[in-house]
Amino acid sequence: MRIGLISDVHGNLPALETVLDDMPPVEQVVCAGDVVGYNPWPRECLERVRETCSVVVQGNHDRNVETPARYEHNEMAHAGLQLAREELTDEQRDWLAALPPRDDVETYRLVHSHPDPEKLGRYVRPRQFSKLRPYLDEYDGLVLGHTHVQHEAMVDGRLIVNPGSVGQPRDNDPRAAYAVLDTDTNEVELRRVEYDIDRVITRVEELGLPTRTGTRLLSG
């Protein structure tokens, strides 16, 4: 089965639309969390993800829409969560709150951050992928997000992949990131696509969000 993998959309509608338009034919699309946060279109991105994705797991921003004060130390994250809380309907916030922290997709485990429930929210960077092998005895591989860094690795015959961030890449490549997984061959194609960052910057300014929320996207 060919599966489109997206993660860390973070309310960036131009990036999400471009990724979905660019995606080759797949049998389903799944999302590794953080649908909202940071960027100016939380409501629109939530609805697009909900109508497109067969499986969505809960990211840390999805989990904290009702408690943006937890991110007061990060101006951009705090402002994005406040916007999401204001713009989302009660039903949409309930949908985010009900998302599972982990799920199964074919023979793969899908999580947002660390697969260990006791380590929820912990970053797993590419150099740490080898340490995830103990969590994969029952799976052919693992899909995760959270770091906004696109990467794949084969660990003891198990494929571990981070498709990167659709809406806020942090690997020095400003292009929106996603991936296509073939669960029959356990192969993944990491993909990047350019999108209209200026549209995001303009909307950030219109809504009075922190300027860097938009301009940081230029450098990835």
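Readers should treat all values here as calculations from the given coordinates under stated rules, not as data from a laboratory. From a predicted model like this one, the values you see are computed outputs, not experimental measurements. Cβ coordinates were reconstructed from backbone atoms using ideal geometry, including for glycine residues, and neighbour counts include every protein chain displayed.
Structure data summary
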item: Cα long-axis angle, helix 13-22 against the chain (0 to 90 degrees, to the nearest 10); result: 40
item: Backbone HN-Hα couplings from phi across the range 180-187 [Karplus 6.51/-1.76/1.60, Hz, Gly and Pro as x]; result: 10, 9, 9, 6, 7, 9, 6, 10
item: Stretch gain in nm, segment Ala97-Thr215, where the contour uses 0.36 nm per residue and the Cα spacing is subtracted; result: 39.5 nm
item: Angle in degrees between helix 197-207 and the longest Cα principal axis of the chain, rounded to the nearest 10; result: 50
item: Ranking of Val30, Val9 by count of other Cβ atoms within 10 Å, fewest first; result: Val30, Val9
item: Rounded, prolate or oblate (a/c below 1.5 giving rounded, otherwise prolate when a/b exceeds b/c) for the range 68-188 by Cα gyration tensor; result: prolate
item: Ascending count of other beta-carbon atoms within 10 Å, so fewest first, for Tyr123, Tyr108, Tyr139; result: Tyr123, Tyr139, Tyr108
item: Helical contribution to [θ] at 222 nm, DSSP H n ≥ 4, -39,500 (n - 2.57), averaged over the chain, rounded to 500; result: -8000 deg cm²/dmol
item: Cα gyration tensor category, rounded, prolate or oblate, for the chain with a/c compared to 1.5; result: prolate
item: Under 13 Å, Cβ to Cβ, from His112 - net charge with Lys/Arg +1 and Asp/Glu -1; result: 0
item: Which of Ile201, Ile3 has the fewest Cβ neighbours within 10 Å, and the rest in rising order; result: Ile201, Ile3
item: DSSP-assigned coil residues among GluC sites (Glu not before Pro) in the range 1-86, each with at most 16 further Cβ atoms within 10 Å; result: Glu27, Glu66, Glu72
item: Inter-probe distance in nm under a simple model that places probes 7 Å from Cα toward Cβ, at Lys131 and Glu75; result: 3.2
item: The range 1-103: C-alpha gyration tensor shape, a/c 1.5 cut-off, then a/b vs b/c; result: prolate
item: Summed side-chain charge close to Pro14 - residues other than Pro14 whose Cβ falls under 13 Å, Lys, Arg +1, Asp, Glu -1; result: -3
item: Candidates Glu138, Glu152, Glu106, ranked by Gaussian network fluctuation over the chain, Cα under 10 Å, top entry; result: Glu138
item: Fluctuation leader among Gly208, Gly167, Gly11 - the chain, Gaussian network, Cα springs under 10 angstrom; result: Gly208
